[in-house]
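K.L.:
Below is one structure. I have some questions about it.
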Amino acid sequence: MNNTGKYTMYNSLTPYLTFPRKTWSELGKNETLTLTEEEIIKLRGILETLSMTDVCEVYLPLSRLLNNYVHSTISRQVAMMKFLNKEYEKIPFIIGVAGSVSVGKSTVSRVLQALLSRWTENFQVALVTTDGFLFPNAELNKRGLMEKKGFPESYDIRTLINFVSDIKSGKQEVSAPVYSHLQYDILPDSQDVISPLPDILILEGLNVLQNRFDYPDNKPTMFVSDFLDFSIYVDAEENNLEEWFLTRFMQLRQTAFNDSDSFFYPITMLSDEKARQIALDVWKETNSINLHKNILPTRERANLILHKGKNHKVDYVKLRK
């Protein structure tokens, strides 16, 4: 703790200010929570115990910070347009949410979408996941990448970059492919249409902070991170991530996987021991490798890091200076 009592830092050379949860929560104490208990329950992910306290102590201060960033960016845009003798045109503020499989990126994104849309400005907030920009399974199989789903080379990165570029360019209607977790594939006849242009776009995915791509014929000249106005990395220790993944997998085996249309339906026919071993193999042979090679190295590129402890609760926050 420094002599002001405001924050802590791991060392004087870090680019981040580190806030224990209690200290961070004080930054939102004067804000009014606009979500009800029922709405918060609906925002929860599988296995998560998101509570009113979590929203007040962690996400309300974060939404306040983001609101300030949005207004600052709008002011800068207005000044630029004035300098160019042009009328102001809305340019969406893009927030990237990154992190490992099973860390809870989707819940963080949904909570922020709900909170940011309730500020007095009535911002229009859209949420898009980069899962929709994975290559279809047929293409992944053709390229021999099915076992590397989620790795950088498994994404149609050019289409993703064109999408965020269109958003930043002010295009009034933009479409994104739709991914089905039930079918574990892109839905060929579905599009997520973003119209009218939102004030804020939350882009959630494993790859939003990555600046390297391994597939030789798919190397872009720009990266998704080039279009982000603010980025969040949701962090946790790998042993916790692994356990959350395994527990979620086994719970889905008892619920969503039982749908005969589910890609994972055959797993419901296996014993608990065999199903858990399959999940463990997926973690070790795919998710863990992807985490260390492609995801974790992007953590320090984020503007803000939300760190979760074993109970899936955020225990500290790191904010880039």
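Each reported figure results from applying straightforward, stated rules to the coordinates on display, with no laboratory input. This structure is a prediction, so every number in the text was calculated from the model and none was measured. Quick reminder, even Gly has a Cβ in these numbers, built from the backbone with ideal geometry, and neighbours come from all protein chains shown.
K.L.:
Across the range 61-72, in residue order, what do the Karplus-derived ³J(HN,Hα) couplings come to in whole Hz, using 6.51 cos²θ - 1.76 cosθ + 1.60 with θ = phi - 60° and x for Gly and Pro?
P.N.:
x, 5, 5, 5, 4, 5, 4, 5, 5, 4, 5, 5
K.L.:
Would you work out the relative contact order for the range 80-212, in percent, from Cα pairs under 8 angstrom that are 6 or more residues apart?
P.N.:
Worked out over the range 80-212, it gives 41 percent.
K.L.:
Could you quote the convex hull projected area for the range 189-321, Cα atoms only and averaged over all directions, in nm²?
P.N.:
Taking a quarter of the hull surface, the average projection is 11.7 nm².
K.L.:
Taking other Cβ within 10 Å of each residue's Cβ, how do HIS307, HIS181 sort, fewest first?
P.N.:
Starting with the residue having the fewest Cβ neighbours, the order is HIS181, HIS307.
K.L.:
Given N residues in the range 54-106, what is Rg(Cα) / (2.2 N^0.38 Å)? Kindly include the intermediate steps, with their values, before the conclusion.
P.N.:
On the way: Rg = 15.6 Å, N = 53, 2.2 N^0.38 = 9.9 Å.
My calculation over the Cα atoms of the range 54-106 gives 1.57.
K.L.:
If you don't mind, there's one more thing I want to ask. Counting other beta carbons within 10 Å of each residue's own, what order do TYR88, TYR179 fall into, fewest first?
P.N.:
Lowest count first: TYR88, TYR179.
K.L.:
Related question: Find which of SER225, SER288, ILE46 sits farthest along the positive direction of the dipole of the range 16-320, computed with +1 on the beta-carbon of Lys and Arg, -1 on that of Asp and Glu, about the Cα centre.
P.N.:
Farthest towards the positive end: SER225.
K.L.:
Still on this structure: Please compute the modelled spin-label separation between LEU270 and MET222, points set 7 Å along Cα→Cβ, answer in nm with one decimal.
P.N.:
Those two pseudo-labels are separated by 4.2 nm.
K.L.:
Taking the Cα centre of the chain as the origin, how large is its charge dipole in debye, to the nearest 20, when only Lys and Arg (+1) and Asp and Glu (-1) carry charge on their Cβ atoms?
P.N.:
Around 1060 debye, computed over the chain.
K.L.:
Right, another one. Sequence-distant or interchain residues sharing an amide H contact under 5 Å with GLU204, placed H: which?
P.N.:
VAL97, VAL128, THR129, THR130
K.L.:
Give me the percent relative contact order of the range 16-320, please, defined on Cα pairs under 8 angstrom at least 6 residues apart.
P.N.:
25 percent
K.L.:
Another question about this same structure. Would you compute, for the Cα atoms of the chain, the largest minus smallest coordinate along each principal axis and list the three values in descending order, in whole Å?
P.N.:
Projected onto the principal axes, the Cα atoms of the chain cover 60, 45, 42 Å.
K.L.:
How big is the C-alpha Rg of the range 250-314 next to the rule-of-thumb value 2.2 N^0.38 Å, as a ratio?
P.N.:
Normalised by 2.2 N^0.38 Å, the Cα Rg of the range 250-314 equals 1.48.
K.L.:
Kirkwood Rh over alpha-carbon pairs of the range 44-197, then Stokes-Einstein at 37 °C and 0.692 mPa s: what D in µm² s⁻¹, rounded to an integer?
P.N.:
Values: Rh = 17.8 Å.
Estimated diffusion coefficient is 185 µm²/s.
K.L.:
Please give the peptides 135-141, 56-62 ranked by average Cβ packing (other Cβ atoms within 10 Å per residue), highest first, as a rough proxy for protection. Let's see the in-between values first.
P.N.:
On the way: 135-141: 15.9, 56-62: 22.0.
Packing proxy ranking, top to bottom: 56-62, 135-141.
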